1. Just to be sure, is K70 open to solvent by 60 Å² or more (accessible area, probe 1.4 Å) and in a helix (DSSP H, G or I)?
2. Can you name every residue in the range 295-346 that is of a type in the set (K, R) and part of a loop (DSSP other than H, G, I, E, B)?
3. Can you pull out every residue in the range 49-89 that is in contact (Cβ under 8 Å) with a residue 24 or more places away in the chain, more than 23 Å from the chain's Cα centre (by Cα) and within 30 Å of V236 (Cα to Cα)?
4. Cβ-Cβ distance below 6 Å, separation of 6 or more or different chains: which pairs start in the range 453-479 with a residue that is under 22 Å from A10 (Cβ atoms) and end on one that is open to solvent by 40 Å² or more (accessible area, probe 1.4 Å)?
5. Could you say whether any residue in the range 313-334 is of a type in the set (G, A, S), touching a Cys at 6+ places or on another chain (Cβ under 9 Å) and surrounded by fewer than 18 Cβ atoms within 10 Å (Cβ to Cβ)?
6. So in the range 75-97, with the set limited to residues that are of a type outside the set (D, E) and more than 30 Å from Q405 (Cα to Cα), which one is surrounded by the most Cβ atoms within 10 Å (Cβ to Cβ)?
7. Within the range 426-469, how many residues turn out to be among the β-branched types (V, I, T), surrounded by 14 or more Cβ atoms within 10 Å (Cβ to Cβ), outside any strand (DSSP E or B) and modelled with pLDDT of 95 or more?
8. Which numbered condition trips up C41, out of (1) surrounded by 19 or more Cβ atoms within 10 Å (Cβ to Cβ); (2) modelled with pLDDT of 95 or more?
Amino acid sequence: MTSPTLINLAPHQSHPNHQQRLLLLQLLEHGIQSVTAPHLCREVLQISQRGSQCSFGVKGQSPFSIDTSKQKIILLAAGKAACPMVEEVCKQLDTSLFTHICVSSHLPEWSWLATVLQSQPNLRAKISYHYASHPEPNSASVSAATEMLNIKANHNLNENDHIFMLLSGGASALLCKPVVGLSLSEKQLCNKLLLSSGLGIESINVIRKHLSAIKGGRLAQALHPCQIHTYALSDVPGDEPASIGSGPCVPDPSTYQDAQQILIESMLWDKFPETAKNHFEAGIQGLHSDTPHILPHSDFHLLGNVESATKAIQNQAAQQKLHIARSNKRFSGEPLAASQHFYGEILEAYSQGWHGLVAGGECHPKLPVRPGKGGRNQALTLHLIQQMQNFPVKWTLACCGSDGQDYLPGIAGGIGDGEGEGRRDSNSAKLQLDQEDLASLQVAIQNFDSYNWLEPRNGLIQSKATGSNVGDLVLILWN
């Protein structure tokens with residue numbers, strides 16, 4: 001395996017279980033590298049050019065052509081992988097062919113495009129860059145959404161012109177245009193309530209779409225009759241186009257009634273601002289048009305998902321003569337329930353002679369009133385460490401965000417290990433948790449304070465931003 005360039009191995013070099021930890025982290029890095037935006041754009045997105053003629057497509061599908069002497073091309077991008085996706089497309093095409101490029105990202109302005117700008121200095125004049133915020137939208141999220149909604153009028157586009165949307169996870173926060181009457185601060189409150197509720201991302205996005213002027217196909221609706229093509233990295237279960245980044249350019253099957261029902265059942269309705277509740281009720285009464293259910297001028301193409309990463313990990317492990325099982329479905333829900341399900345899968349895989357288990361998905365923790373420090377991957381790590389205490393052999397596990405950030409900058413997730421019940425060696429005392437450790441582990445779980453439990457135990461995974469976002473990865477290895 002090549003040396004990791006994203007995950008920092010140095011903190012684990014001196015750990016008593018360093019060999020297993022380093023192997024596990026190298027496998028995780030390999031999986032993440034397989035779903036980085038540059039890799040997927042090169043491998044899956046098929047782009048070619050001859051003069052003013054451009055051809056676009058994805059592997060396995062027939063491409064379509066654009067004559068840029070007669071048709072305009074607009075490039076839009078939003079999400080955690082927006083910058084590297086744009087960068088890769090700009091490397092494959094003469095950027096003079098683009099009429100305009102609009103990007104909304106959480107990365108510092110221009111740092112990601114420096115090499116492209118050196119070779120194509122005229123490109124900067126064509127790009128508008130919005131340094132937006134995630135997971136909470138900010139004013140730049142609103143300015144990005146506003147520019148995209150006005151792009152047709154600003155560039156005099158018509159039915160012959162093409163708009164490409166490069167979409168990835170995180171776009172729901174990075175593109176934010178509250179409906180008329182709802183302020184940004186009220187939208188931020190709604191977002192905070194949703195993210196701490198324990199609801200799955202599909203349900204969260206149903207509500208987001210019905211408080212937005214850009215989500216749920218509203219952007220495509222505003223850009224009609226232009227031809228719109230979405231190329232996406234998925235971080236949602238089922239890879240539903242309407243859920244990825246809240247589907248700004250694809251049809252949306254959900255309704256105002258669906259959104260209200262979710263809020264009532266999750267006991268969030270009474271906590272939402274009155275302006276938001278009034279908007280839902282007006283929508284149910286037909287006073288607001290619902291999200292579009294049909295968008296014939298828009299198409300959607302999936303570039304990659306978390307299964308791409310778990311397959312890459314499994315294949316790379318096989319080259320190391322490690323036979324790792326892949327979970328049969330993406331994990332979701334509360335970390336406790338996910339860890340209990342995982343442990344059942346782990347025991348089954350162990351009994352069948354596998355050397356480990358890899359899975360992809362995303363937990364949705366319900367936060368206490370005053371949560372401690374940490375993200376969902378660090379929280380899941382604690383739950384899994386607790387579940388694994390009676391496992392029969394030595395084990396190592398990690399939970400890691402494919403974007404390289406688990407709520408906290410520079411921290412991608414958590415890692416832990418233990419000596420099995422059936423074996424002890426000279427390092428056993430260093431790997432086993434004593435009663436005090438176990439008691440503090442339970443307190444940290446209850447307080448959602450995973451960072452402060454993992455940090456003194458060398459249990460954090462440090463990582464750079466990866467240029468990807470396909471969800472989270474869990475990997476467990478055992479001897």
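1. Numbers: open to solvent by 60 Å² or more (accessible area, probe 1.4 Å): yes; in a helix (DSSP H, G or I): no.
No, not satisfied.
2. Restricting attention to the range 295-346, the residues satisfying the condition of being of a type in the set (K, R) are 311, 321, 326, 329-330.
Residues satisfying the conditions are K321, K329, R330.
3. We begin by selecting, within the range 49-89, every residue in contact (Cβ under 8 Å) with a residue 24 or more places away in the chain; these are 49, 52, 54, 56, 58, 61, 66, 68, 70-89.
Subsequent filtering for residues that are more than 23 Å from the chain's Cα centre (by Cα) retains 49, 52, 54, 56, 61, 66, 68, 70-74.
Residues satisfying the conditions are F56, Q61, I73, I74.
4. Short answer, once both residue conditions are applied: Q462/N8.
5. First pass over the range 313-334, keeping only residues of a type in the set (G, A, S): 317-318, 325, 327, 332-333.
Right, trim to touching a Cys at 6+ places or on another chain (Cβ under 9 Å) and you get 332-333.
Add one more test, that the residue is surrounded by fewer than 18 Cβ atoms within 10 Å (Cβ to Cβ), and what stays is 333.
Looking for residues that are of a type in the set (G, A, S), touching a Cys at 6+ places or on another chain (Cβ under 9 Å) and surrounded by fewer than 18 Cβ atoms within 10 Å (Cβ to Cβ), one finds at least one in the range 313-334, hence yes.
6. In the first step, residues of the range 75-97 are kept if they are of a type outside the set (D, E); the result is 75-86, 89-93, 95-97.
Right, trim to more than 30 Å from Q405 (Cα to Cα) and you get 93, 95-97.
Values: L93: 18, T95: 20, S96: 10, L97: 18.
Only one residue fits best here, namely T95.
7. Looking only at the range 426-469, we keep the residues that are among the β-branched types (V, I, T), and these are 443, 445, 461, 466.
Okay, now just the ones that are also surrounded by 14 or more Cβ atoms within 10 Å (Cβ to Cβ), so 445, 461, 466.
This time we only want the ones that are outside any strand (DSSP E or B), so: 445, 466.
Those still in the list that are modelled with pLDDT of 95 or more too: 445.
Count: 1.
8. Of everything listed in (1) surrounded by 19 or more Cβ atoms within 10 Å (Cβ to Cβ); (2) modelled with pLDDT of 95 or more, C41 misses just condition (2).
The values are calculated or read from the model by the stated rules, or taken from the named source; none is laboratory data. Source: prediction; values computed, not measured. Neighbour counts run over all protein chains shown; Cβ positions are idealised from the backbone, glycine included. We work out accessible area using only protein heavy atoms, side chains counted, and drop any ligands, DNA or RNA first. Shrake-Rupley method; radii C 1.70, N 1.55, O 1.52, S 1.80 Å.
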